[in-house]
Amino acid sequence: MANLNAFIDALFDKHQSINEYLPDISEAHLFTDELIKVLFPNNPCDKKEQYRLRFRELELALEGLMISLGNNSAGHPGKVTSQFFSEVPEVYELLVKDAEAIYRFDPAASSIREVICAYPGFYAIAVYRFANRLYSAGVPVLPRIMAEYAHARTGVDIHPGATIGKSFFIDHGTGVVIGETTMIGDNVKLYQGVTLGALVVKKSMSSTKRHPTIQDNVIIYAGSTVLGGETVIGHDSVIGGNVWLTESVPPHSVVYHTSTVKIRNSKDQDYYTDFSI
């Protein structure tokens, strides 16, 4: 017990030296969900005054999160909050285009409302677009909390620092990873398991472009990996499933992985089935 008490005392003293304050994670998650719900409600509010009040509550929630950052904040909490909400109409229009793109290209989608309320890809994109505005404003920590919340809910990991154009489509979503310095153009479609990552991971490279550039109208199919800050996928290209790319490809390229099919005979039976994993 003496050892435990000594540990508790030492831990308490250590915590007193913390100078980087963090927002309440549960409040950040609540703000994220409420923001999406207010913009894309399942059912409309009865009164316009009530709807305005919900926006005001969101403003107060964000300002509270900014205040909780203390001196680490990107600026005056009220000013940052005001700037963020002044950009909400623009982000909303981008998200409408994202939803339309998903509906247009996914034959399984029965309506845009279904895309908005049920598709994990759309939710991940929506959270990214708002987190990206806070990230671009220099707000610390909070954009990552929002992004990781969407990651936990959807399996889609989009760093808030990534740059993503209009009409973005993530199909299925699970396992998609988009790194911090990735640049994605307009009308790009990604399928599950796609990684847009860094070729070399070194702390010294934190301020450099480490992730690829995906130009307009590119499709990248399931399980493909594109790595490197100098790697550029030219516009109107198609990257097939399970492709590994660390070099640029020109516009209008088609890149695919070739599978080898071998018909086994009875003598091969044990060789192909008796694995120990």
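So which of TYR119, TYR149, TYR135 is crowded, with 22+ Cβ neighbours inside 10 Å and farther than 17 Å from ASP98 by Cα?
On the way: TYR119 fails: farther than 17 Å from ASP98 by Cα; TYR149 fails: crowded, with 22+ Cβ neighbours inside 10 Å.
Result of the check over TYR119, TYR149, TYR135: TYR135.
Inspect all residues belonging to the range 197-208 and state whether any of them is outside any loop (DSSP other than H, G, I, E, B) and β-branched (Val, Ile, Thr). Don't jump to the end; show me each part of the working.
Just the residues of the range 197-208 that are outside any loop (DSSP other than H, G, I, E, B), to begin with: 197, 203-205.
Next, from what is left, pick out any that are β-branched (Val, Ile, Thr): none.
No: the range 197-208 contains no residue that is outside any loop (DSSP other than H, G, I, E, B) and β-branched (Val, Ile, Thr).
Which of the residues that make up the range 32-73 are at pLDDT below 95 and outside any helix (DSSP H, G or I)?
If the condition is that a residue be at pLDDT below 95 and outside any helix (DSSP H, G or I), then PRO41, ASN42, ASN43, PRO44, CYS45, ASP46, LYS47, LEU69, SER73 are the ones that fit.
Inspect all residues belonging to the range 171-183 and state whether any of them is surrounded by 20 or more Cβ atoms within 10 Å (Cβ to Cβ), assigned by TED's automatic domain parsing to the domain that holds VAL243 and of a type in the set (A, V, I, L, M, F, W, C).
yes
Yes or no: ALA126 free of Cβ contacts under 8 Å to residues at least 40 places away in the same chain and either assigned to a helix (DSSP H, G or I) or more than 19 Å from PHE85 (Cβ to Cβ) (or both)? Walk me through how you get there before you give the answer.
Details: free of Cβ contacts under 8 Å to residues at least 40 places away in the same chain: no; either assigned to a helix (DSSP H, G or I) or more than 19 Å from PHE85 (Cβ to Cβ) (or both): yes.
Considered against the rule, which asks whether it is free of Cβ contacts under 8 Å to residues at least 40 places away in the same chain and either assigned to a helix (DSSP H, G or I) or more than 19 Å from PHE85 (Cβ to Cβ) (or both), ALA126 comes out as no.
Which one is nearest to SER68 (Cα to Cα), of the residues in the range 124-151 that are more than 9 Å from the chain's Cα centre (by Cα) and aromatic (Phe, Trp, Tyr)?
TYR135
Hey, among the residues in the range 20-52 that are polar (S, T, N, Q) and under 28 Å from the mean Cα position of the chain (by Cα), which one's nearest to ALA74 (Cα to Cα)?
First, pick out the residues of the range 20-52 that are polar (S, T, N, Q): 26, 32, 42-43, 50.
Next, only the ones that are under 28 Å from the mean Cα position of the chain (by Cα) stay: 26, 32, 42-43.
On the way: SER26: 21, THR32: 19, ASN42: 34, ASN43: 35 Å.
Here the residue is THR32.
The values are calculated or read from the model by the stated rules, or taken from the named source; none is laboratory data. Everything quoted here is computed from the prediction, not taken from an experiment. Here Cβ is always computed from backbone atoms with ideal geometry, including for glycine, and neighbour counts include all displayed protein chains.
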